[in-house]
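All of the numbers you see were taken from the coordinates with simple rules; none came from a lab. On a predicted model such as this, the values are computed, not experimentally measured, just so you know. Positions of Cβ are generated from backbone atoms using ideal geometry, with glycine treated the same way; all protein chains shown enter the neighbour counts.
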Amino acid sequence: MIEAAGGVVIRADGHVLLVHRPRYDDWSLPKGKRSPGEPLVWTAVREVAEETGIEPLVLTLLGASRYQVGQQAKVVTWFLITPGTKQHSQPDGHEVDALVWTPRGEALSLLSYPSDRAIVQLLEAPS
């Protein structure tokens, strides 16, 4: 099984940060594989910082996505993240070539994968 973690990065105005990955030509949420022994929250912070250039501040655990990648199962643990003092976002230029801040509703139409849309929809669920 592939273990990964990522972040739903949201600003105070409710906009969500999406990343474009040229390797897959898709729009997704920042995420990446867990390093051996690394706590999943650290994986999420590391990946968000590397891919977007912002300082991620973790607010809470959101949930997990499970799906197949070829013959392997992949589990992505998601955290709700807000930008810290370093709020200027800049794609890393390798894995990510573009970033966009978008309202939550528009994010649902831009995201390429149902599992990413399901996580963003958690933000809109009534409490």
Given the -39500 (n - 2.57) contribution per DSSP H run of 4+ residues, what per-residue ellipticity at 222 nm results for the chain, rounded to the nearest 500 deg cm²/dmol? -7000 deg cm²/dmol
Please label the shape of the stretch 31-86 as rounded, prolate or oblate, based on the square roots a ≥ b ≥ c of the eigenvalues of the alpha-carbon gyration tensor (a/c under 1.5 means rounded; beyond that, a/b larger than b/c means prolate, else oblate). prolate
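The chain: Rg/Rh from Cα coordinates, Kirkwood Rh? Spell out each step's value before the answer.
Working: Rg = 13.4 Å, Rh = 14.4 Å.
When Rh is taken as the Kirkwood radius, the ratio is 0.93.
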Sorted by Cβ density within 10 Å, fewest first, the residues Trp78, Trp42, Trp27: Trp42, Trp27, Trp78
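Roughly what % of DSSP beta bridges within the chain run antiparallel, to the nearest 5? Please report the intermediate quantities before stating the final value.
Numbers: 25 of 33 bridges.
So the antiparallel bridges in the chain amount to around 75 percent.
Mind giving me the FRET efficiency for Leu61 and Asp92? R0 is 25 Å, r the Cβ-Cβ distance, nearest 0.05 is fine.
Details: r = 25 Å, r/R0 = 0.99.
With a Förster radius of 25 Å, E is 0.50.
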